[in-house]
Every structure is written in structure tokens, then in C-alpha cells.
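So the structure is just underneath, and the comments pick up after that.
The values are calculated or read from the model by the stated rules, or taken from the named source; none is laboratory data. Note that the coordinates shown come from a computational prediction; the quantities given were computed from them, not determined experimentally. A quick note on method: Cβ atoms are made from the backbone with ideal geometry, for glycine too, and the neighbour counts reach across all protein chains shown. When the accessible area is computed, the model is the full protein with side chains, heavy atoms only, and any ligands, DNA or RNA have been set aside. Shrake-Rupley method; radii C 1.70, N 1.55, O 1.52, S 1.80 Å.
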Amino acid sequence: IIDQLIAFQADRQFTLVGVGGGVVSDLTGYVASVFMRGISFGFVPTSLLAMVDASIGGKNGIDVGPYKNLVGVIKQPAFLLFDFSFLTTLPDAEWSNGFAEIIKHACILDASAFRLLEKYDLSSVKKDKKFLFGLIERNARLKSGVVKRDEYEKGERRLLNFGHTLGHALETQYILSHGEAVAIGMTYACHFSEGLLGFTSTERVVKLLGQYGLPTHAAFKTENVFEILMMEK
């Protein structure tokens, strides 16, 4: 991509636009942040996961071998453009992928949204466009608010990593989407919290993840996964 920018004779007045899902937005933001020490960039997210999570917050990272987003920067896009018509192109697996992050936000910061989600499932949400679009906006505003208060993850923003510590290690070791890996990570984080903190709602979290087509418990090689986990940011 940098070679192409050079071929275009791009200068510091250029704006790089990432149209796609989370991988595209991460790569776009990273390249724009390092090319000529930084040019403007913006995102047009086309997946549910990108709309509610990946495009928001300024984290622009790329994987290095098995290590997830190990290299990257925190730099905010100049703009975000959401067009809900893109969602009509998504297969069911991508809908579930996005709902992992929506459920994560509900778990950590929005108990009323959690209760609302319990009344729906994947097929019913897709049919209720008003509810769906409101849910996407609610999640975008929720994450944006956290980022504004703690852009560099010194405090509150760390909550957004719920499920990601184990999830990222599983994602790079097995054939899992980001949402599937995070859902499994959230499940095991809940189980840890049962023993460490007396958390009592694991069954509710697991049931909700299942309602939206996400996996929860999984068998994995702990030695391999924990070796990667130890390098998690």
C-alpha cells in the first residue's frame, strides 16, 4: 500500500479512506499514521463489527506472526461514515461476529442493553431495523464516550478488553473469527470471575452469546495458547 501511495505521488495533503471491515480499517489507519509521518484518514465500515467497534477509538494495529495487533498506533480518524445498507451484504457469520462486541459492551457498561438483547435473537434483530440501527448508534456512542475519557487506555478503556486477552490468543491459533474468539474469551473470563470475585451471571452471559450464534466453551491446547497470551498487550 505504501508502494502504491508513492506511485500515486501522494503527499501530506492526501486522505486515505478505508472501506471495509476491521482488518481494512486497522491497516488503513496504520499506513496513514506512518506514511510521511502521518496523513489524514477516514473509515467507511461495511461490517457490523467494524460499525460498533473496530472503526471507533483510534487503535490501528497489525499482526506480527501469531501476535495480534502487536504493532500499531493510537490515532483518530478524521471521519467515520456509516451506511447501514452495507449490512444487507453480510452473511450470518458476520452478523454473529459483530454481536460479540455488542454483547461485550452490554456486559461491561450497559446493563439495560443486555436485558434488551435477551429479548431478541439474531434473526429477530435483523428484521427489526429500527431496533438494529438504534443499537448500532448506541454502541458507537458508548465506545466513543469511553475513548474520549481515556484515549490511551490508562483506566476505563481497559474494560473494553473484556474477553480479548484469551480471545486474541485463540484467534491467531485456531480458525476463528474475531467475534467467535472474543465470545469464548468472555466465557472463560466469566468463569475466572466466579472463582476470584464471586460473579454469579456466567450462565446469562453464555446463554446470550448462544442466542446470537456465538461459541462459548472450547477445547484448546493451553500451552500453545498461553505462550501467545503472555505477549498480549
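Taking strands (runs of 3 or more DSSP E) that fall entirely within region 32-88, which contain at least 2 residues that are touching a Phe, Trp or Tyr at 6+ places or on another chain (Cβ under 9 Å) and open to solvent by less than 20 Å² (accessible area, probe 1.4 Å)?
Of the strands (runs of 3 or more DSSP E) lying wholly inside region 32-88, those with at least 2 residues that are touching a Phe, Trp or Tyr at 6+ places or on another chain (Cβ under 9 Å) and open to solvent by less than 20 Å² (accessible area, probe 1.4 Å) span 40-45, 59-64.
Restricting region 179-219 to residues that are aliphatic (A, V, I, L, M), touching a residue at least 24 places away in the same chain (Cβ under 8 Å) and not in a helix (DSSP H, G or I), which is nearest to Leu117 (Cα to Cα)? Full working, then the answer.
Of the residues in region 179-219, the ones aliphatic (A, V, I, L, M) are 181-184, 186, 189, 196-197, 205-206, 208-209, 214, 218-219.
Add one more test, that the residue is touching a residue at least 24 places away in the same chain (Cβ under 8 Å), and what stays is 182-184, 186, 189, 205, 208-209, 214, 218.
If we keep only those that are not in a helix (DSSP H, G or I) too, we end up with 214, 218.
On the way: Leu214: 14, Ala218: 24 Å.
Among residues in region 179-219 that are aliphatic (A, V, I, L, M), touching a residue at least 24 places away in the same chain (Cβ under 8 Å) and not in a helix (DSSP H, G or I), the one nearest to Leu117 (Cα to Cα) is Leu214.
Filter region 145-156 for residues that are assigned to a helix (DSSP H, G or I) and without any contact (Cβ under 8 Å) to a residue 24 or more places away in the chain; which is most open to solvent (accessible area, probe 1.4 Å)? Step through it out loud before you land on a result.
Initial filter on region 145-156 (assigned to a helix (DSSP H, G or I)): 145-149, 156.
From the residues that got through so far, the ones that are without any contact (Cβ under 8 Å) to a residue 24 or more places away in the chain too are 145, 148-149, 156.
Values: Gly145: 16, Lys148: 177, Arg149: 155, Glu156: 61 Å².
By that ranking, first place goes to Lys148.
Among (1) open to solvent by 20 Å² or more (accessible area, probe 1.4 Å); (2) in contact (Cβ under 8 Å) with a residue 60 or more places away in the chain; (3) closer than 25 Å to Lys75 by Cβ, where does Ile108 come up short?
Ile108 satisfies all of (1) open to solvent by 20 Å² or more (accessible area, probe 1.4 Å); (2) in contact (Cβ under 8 Å) with a residue 60 or more places away in the chain; (3) closer than 25 Å to Lys75 by Cβ except (2).
Any idea which of Gly134, Gly179 is on the phi < 0 side of the Ramachandran plot and buried (at least 22 other Cβ atoms within 10 Å of the Cβ)? Even if it seems obvious, please write down each step before you answer.
Details: Gly134 fails: buried (at least 22 other Cβ atoms within 10 Å of the Cβ).
Matching residue, one of Gly134, Gly179: Gly179.
Report the residue count in region 223-233 for those that are out of contact with any strand residue (DSSP E or B) (no Cβ under 8 Å at 6 or more places or on another chain), within 20 Å of Asn161 (Cβ to Cβ) and not in a loop (DSSP other than H, G, I, E, B). Spell out how you get there, then give the answer.
First pass over region 223-233, keeping only residues out of contact with any strand residue (DSSP E or B) (no Cβ under 8 Å at 6 or more places or on another chain): 223-227, 229-230.
Restricting the remaining residues to those that are within 20 Å of Asn161 (Cβ to Cβ) gives 225-227, 229-230.
When the remaining residues are screened for being not in a loop (DSSP other than H, G, I, E, B), the result is 225-227, 229.
Residues in region 223-233 being out of contact with any strand residue (DSSP E or B) (no Cβ under 8 Å at 6 or more places or on another chain), within 20 Å of Asn161 (Cβ to Cβ) and not in a loop (DSSP other than H, G, I, E, B): 4 in total.
Anything in region 18-31 that is crowded, with 24+ Cβ neighbours inside 10 Å and among the hydroxyl-bearing types (Ser, Thr, Tyr)? List them, or say none.
Once the filter is applied, which keeps residues that are crowded, with 24+ Cβ neighbours inside 10 Å and among the hydroxyl-bearing types (Ser, Thr, Tyr), region 18-31 yields only Ser25.
I'd like to check something: does region 144-152 contain any residue that is of a type in the set (Ser, Thr, Tyr), within 20 Å of Lys68 (Cβ to Cβ) and over 16 Å from the mean Cα position of the chain (by Cα)?
Initial filter on region 144-152 (of a type in the set (Ser, Thr, Tyr)): 144, 152.
Next cut, within 20 Å of Lys68 (Cβ to Cβ) only: 152.
Then drop every residue that is not over 16 Å from the mean Cα position of the chain (by Cα), which leaves 152.
Among the residues of region 144-152, at least one is of a type in the set (Ser, Thr, Tyr), within 20 Å of Lys68 (Cβ to Cβ) and over 16 Å from the mean Cα position of the chain (by Cα), which makes the answer yes.
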